[in-house]
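The values are calculated or read from the model by the stated rules, or taken from the named source; none is laboratory data. Small disclaimer: the values here were computed from a predicted structure and weren't measured. With ideal geometry, Cβ positions are generated from the backbone for all residues, glycine too; neighbour counts draw on all protein chains shown. Quick note on the areas: whole protein, heavy atoms, side chains included, nothing else; ligands and nucleic acids left out. Shrake-Rupley method; radii C 1.70, N 1.55, O 1.52, S 1.80 Å.
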Amino acid sequence: RQMCKETGARELPTLGHLDALVVDPPRAGLAKGVAESIAASKAERVAYVSCDPATWARDIARFAEAGYELVRAMPVDLFPQTFHVETVSILKRPNAKGPGMNLHSRPSICKELSFANADFSIRSCKL
C-alpha cells in the first residue's frame with residue numbers, strides 16, 4: 001500500500017503487520033519522528049533511499065535509536081560527473097523473521113542480468 005504525504009507517517013502503526021517499507025524522502029531527509037513512527041509500525045525491514053549523505057547519516061542514527069540495524073548501504077551514481085550520489089540502505093529489526101537481507105546468502109532465489117558493453121549488472125532477489 002502506498003501512503004501519500006497528507007496521510008502522514010504517524011498513521012503507519014495503524015496499518016497492521018508490515019513486512020517492509022520503502023522510504024525515499026526529499027533532500028532534507030526524514031522529518032523528526034518519522035523513524036520512530038516506522039519503528040512503532042513494527043515493520044521488519046526498511047529500504048531507505050537518500051540523496052544527501054548528511055541527512056542519510058542523521059536518519060540512519062535515528063533508525064538505530066528506534067531499534068533498527070543497518071544491514072547494507074550502497075552508493076548509486078545516477079548522475080555521472082556530478083557530486084550527486086544516491087545511497088540505498090537496508091535496515092532491519094534484529095529479530096526480523098525470514099532470511100534477512102543478505103542477498104548473497106540465498107543465491108538460489110537470485111537472478112543476475114548482465115548487459116553487453118556495460119560495466120554493471122542487475123541482481124534481482126526474492127526475499
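Taken over the range 40-56, the residue count meeting the criterion of being open to solvent by 50 Å² or more (accessible area, probe 1.4 Å), closer than 25 Å to N95 by Cβ and at pLDDT 90 or above is 1.
Quick one: in the range 58-74, which of the residues that are free of Cβ contacts under 8 Å to residues at least 24 places away in the same chain and surrounded by 13 or more Cβ atoms within 10 Å (Cβ to Cβ) is farthest from the chain's Cα centre (by Cα)?
From the range 58-74, those free of Cβ contacts under 8 Å to residues at least 24 places away in the same chain are 61, 64, 70, 73-74; that's our starting set.
Remaining after also requiring surrounded by 13 or more Cβ atoms within 10 Å (Cβ to Cβ): 64, 70, 73.
Details: A64: 13, L70: 9, A73: 9 Å.
Checked the range 58-74; the qualifying residue farthest from the chain's Cα centre (by Cα) is A64.
Under the condition of being in contact with a strand residue (DSSP E or B) (Cβ under 9 Å, 6 or more places away or on another chain) and either small (G, A, S) or assigned to a helix (DSSP H, G or I) (or both), the residues counted in the range 58-90 number 6.
A search for C-beta distances below 6 Å between a residue of the range 31-47 that is farther than 21 Å from A73 by Cα and any residue that is assigned to a loop (DSSP other than H, G, I, E, B), counting only pairs 6+ apart in sequence or on different chains, returns S41/L18.
What do you reckon, is I109 within 23 Å of H17 (Cβ to Cβ), surrounded by 11 or more Cβ atoms within 10 Å (Cβ to Cβ), at pLDDT below 90 and not small (G, A, S)? Quick ask: steps written out before the conclusion?
Working: within 23 Å of H17 (Cβ to Cβ): yes; surrounded by 11 or more Cβ atoms within 10 Å (Cβ to Cβ): yes; at pLDDT below 90: yes; not small (G, A, S): yes.
For I109, the condition - within 23 Å of H17 (Cβ to Cβ), surrounded by 11 or more Cβ atoms within 10 Å (Cβ to Cβ), at pLDDT below 90 and not small (G, A, S) - is met.
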